[in-house]
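A quick write-up on the structure given underneath.
The values are calculated or read from the model by the stated rules, or taken from the named source; none is laboratory data. Fair warning: this is a prediction, and the values are worked out from it, not measured in the lab. A quick note on method: Cβ atoms are made from the backbone with ideal geometry, for glycine too, and the neighbour counts reach across all protein chains shown. Note: areas computed on protein heavy atoms with side chains; ligands, DNA, RNA excluded. Shrake-Rupley method; radii C 1.70, N 1.55, O 1.52, S 1.80 Å.
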Amino acid sequence: MTGWLDPAVLSTAFLAGLLGSGHCFGMCGGIAAGLGAMAKGRAIIPALQFNFARLFSYAVLGLVAATVLSGVSGLMPIARWLRLLTALMILLIGLKFLFNFRGVEFIEKGGAGLWKKIMPFAMKAGNRQDGLGRVLLGVCWGFIPCGLVYTVLMTAASTANALGGATTMLAFGLGTLPSMLGLTAAAPALSAFLEDRTVRRVIGFALVILAIWTVVMMWGAITQGPMSHAHH
């Protein structure tokens, strides 16, 4: 590992969020558009409350996942496999955009059990019409069973460092921020844009390239393993 501020890891997380956030449109689009509708001209305030709480939730997830993995013996092989799984999941999401491939749905079904336990709290928070309700809803929304979130969480865990895990998930959240804020301000237009076949193919192709790039970066780290380990 190259430390908790690994540019390759952070850029992978950010690009996955930026390029793949259209994958989360069906899950998060309704709530983001609803925040804009209820604000009546002041959409940016509730949108920021919800989204920054969502990013905080991502960061906590990354911190916990990386901390747990840091206590595992024989860490390096596990971390490499997690990076490889991340690349595979990004590839699957890219194929979903390109060919409507549904292979990524199995991982989202795996998180449905956790979401069922959190959903009652999310519903109570959503019924509130104040800032606290939007913040609590954003925190709950970080646990939604989204394959893209769980994908980057594997990379966050592979850092095996609390700050590294939190920063990785924060980078991912920042990548999703433009589209999520855009949903609040212009949900119909952005929805139509993301449903355009050409746009989806461009996004899908970019995600496939990102998956390949992730593997290349991981391979480069492996080939330089002894040197990087000595440096670390």
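Please list, ordered by first then second residue, the pairs with beta carbon atoms under 6 Å, 6 or more apart or interchain, first in region 128-140 and in a helix (DSSP H, G or I), second open to solvent by 50 Å² or more (accessible area, probe 1.4 Å) and not acidic (Asp, Glu).
Sorted first by the residue in region 128-140, then by its partner, the pairs are 131/49; 134/49; 135/49; 140/121.
Which residues, counting only those in region 145-165, are assigned to a loop (DSSP other than H, G, I, E, B) and open to solvent by 10 Å² or more (accessible area, probe 1.4 Å)?
145, 159, 160, 161
Has region 63-70 got at least one residue that is at pLDDT below 90, closer than 23 Å to residue 140 by Cβ and surrounded by 16 or more Cβ atoms within 10 Å (Cβ to Cβ)?
Scanning region 63-70 turns up no residue that is at pLDDT below 90, closer than 23 Å to residue 140 by Cβ and surrounded by 16 or more Cβ atoms within 10 Å (Cβ to Cβ).
Determine if region 91-111 includes at least one residue that is part of a helix (DSSP H, G or I), among the β-branched types (Val, Ile, Thr) and modelled with pLDDT of 75 or more.
Within region 91-111 (the criterion being part of a helix (DSSP H, G or I), among the β-branched types (Val, Ile, Thr) and modelled with pLDDT of 75 or more), the answer is yes, since at least one residue qualifies.
Six or more apart or on different chains, Cβ atoms under 9 Å: show the pairs whose first residue is in region 200-216 and open to solvent by 80 Å² or more (accessible area, probe 1.4 Å) and whose second is of a type in the set (A, V, I, L, M) and assigned to a helix (DSSP H, G or I).
So the pair list comes out as 201/98; 205/98; 212/87; 212/91; 213/8; 213/15; 213/87.
Against the conditions (1) crowded, with 19+ Cβ neighbours inside 10 Å; (2) at pLDDT below 80; (3) among the charged types (D, E, K, R), where does residue 134 fall short? Just the number, please.
(2)
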